[in-house]
1. I'd like the residue in region 1-16 that is out of contact with any helix residue (DSSP H, G or I) (no Cβ under 6 Å at 6 or more places or on another chain), surrounded by 14 or more Cβ atoms within 10 Å (Cβ to Cβ) and farther than 16 Å from R30 by Cβ and, out of all such residues, is modelled with the highest pLDDT.
2. Within region 60-75, restricting attention to residues that are modelled with pLDDT under 90 and assigned to a loop (DSSP other than H, G, I, E, B), which residue is nearest to P12 (Cα to Cα)?
3. Name the pairs whose Cβ atoms lie under 6 Å apart, with the first residue in region 30-47 and over 15 Å from L13 (Cα atoms), the second assigned to a loop (DSSP other than H, G, I, E, B) and at pLDDT 70 or above, and 6 or more positions between them or separate chains?
4. Which of the numbered conditions does V57 fail, given that it passes all the others? Conditions: (1) under 12 Å from the mean Cα position of the chain (by Cα); (2) at pLDDT below 90.
Amino acid sequence: MEVTKALAALQPLYGKDNVEIVRSDGTRVRGRVKSMKMTQALTKPSVKMQRGDGEIVKITFDQINEIIDHNQSER
């Protein structure tokens with residue numbers, strides 16, 4: 001996913017639970033959006049997700065295929 005599109009989709013979800021990211025390899029990570037790093041020198045833009053079991057998973061924006069907000073489907 002393009003960095004600007006991923007950033008625009010993730011910013012309103014920052015700190016929210018029940019967000020799922022589908023990676024380009026098909027794996028899925030569901031949990032809370034913990035942090036986003038966009039402009040640090042020599043690093044790729046990335047997001048950190050905290051899964052339900054407490055594990056922190058770092059996903060670079062270029063690996064993101066889809067972002068699903070499961071909070072919207074509960075309304």
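1. Looking at the filtered set, the residue picked out is L7.
2. The extreme case among them is N71.
3. If the second residue must be assigned to a loop (DSSP other than H, G, I, E, B) and at pLDDT 70 or above, the pairs left are M38/P45.
4. (2)
The values are calculated or read from the model by the stated rules, or taken from the named source; none is laboratory data. A quick note: this is a predicted structure, and the numbers were derived from the prediction, not measured. Neighbour counts run over all protein chains shown; Cβ positions are idealised from the backbone, glycine included.
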